[in-house]
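Heads up, the thing below is written out as structure tokens.
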Amino acid sequence: MEISMPNFTAGGILPAKYTVDGAGVSPELNWRDVPKDCKSLVLICEDPDAPLGLWTHWIVYNLPPNATGLVEGVRDLPAGAQFGLNTIQEPSYCPPAPPKGEHRYYFKLYALDVVLDLKKPTRDELMKAMKGHIVVQASLLTKYQRPF
């Protein structure tokens, strides 16, 4: 399974458009080669370099296995998919705003052998529910440093 962002090289700088220094919209993401035995997909965007520990910017879960991506600034998810809670307890995309230095942002896609029965989970609740159900995962690394 592979996850990608159009016109973006993995490991590169996240365009400011997707951060607090730009429009703050979620990026377009595409994926392919989802396993045939997958029942749902989970997308998590997180920053392991945050001063207070791992920062979750975005959770989308119960994406259908036939989905091939999400559009830029997505608001309407595919049928059955839902937003989980980011670190600021909002069911939405929280644009990166690193306070100091360059931070890494991982967009992680998980293929699961189940559809999750959750209501707006936090990252910890989601990871606990996913345990033992991950068929395969893919990751896209981006980086960002504020221009000041």
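The values are calculated or read from the model by the stated rules, or taken from the named source; none is laboratory data. Only a predicted model underlies this, so the values are computations on that prediction, with no experimental measurement involved. Using ideal geometry, Cβ is built from the backbone for each residue, glycine included, and neighbour counts are taken over all protein chains shown.
Number of residues in the stretch 92-111 that are of a type in the set (A, V, I, L, M, F, W, C) and either over 15 Å from the mean Cα position of the chain (by Cα) or in a loop (DSSP other than H, G, I, E, B) (or both) equals 2. Would you say residue 123 is on the phi < 0 side of the Ramachandran plot and either modelled with pLDDT of 95 or more or of a type in the set (S, T, N, Q) (or both)? For residue 123, the condition - on the phi < 0 side of the Ramachandran plot and either modelled with pLDDT of 95 or more or of a type in the set (S, T, N, Q) (or both) - is met. All conditions but one from (1) touching a Phe, Trp or Tyr at 6+ places or on another chain (Cβ under 8 Å); (2) crowded, with 17+ Cβ neighbours inside 10 Å; (3) not charged (D, E, K, R) apply to residue 85; the one that does not is (1). With respect to the conditions (1) in contact (Cβ under 8 Å) with a residue 60 or more places away in the chain; (2) surrounded by 19 or more Cβ atoms within 10 Å (Cβ to Cβ); (3) β-branched (Val, Ile, Thr), residue 60 lacks only one, and its number is (1). From the set of residues in the stretch 1-33 that are aliphatic (A, V, I, L, M) and assigned to a loop (DSSP other than H, G, I, E, B), which is surrounded by the most Cβ atoms within 10 Å (Cβ to Cβ)? Restricting to residues being aliphatic (A, V, I, L, M) and assigned to a loop (DSSP other than H, G, I, E, B), the top hit is 14. Of the residues making up the stretch 94-107, just one is more than 13 Å from residue 55 (Cβ to Cβ) and crowded, with 16+ Cβ neighbours inside 10 Å, namely 107. Pairs are defined by a Cβ separation below 6 Å, a sequence spacing of at least 6 or placement on different chains, a first member in the stretch 77-94 that is farther than 13 Å from residue 62 by Cβ, and a second member that is surrounded by fewer than 12 Cβ atoms within 10 Å (Cβ to Cβ) and of a type in the set (A, V, I, L, M); the pairs so defined are 94/88.
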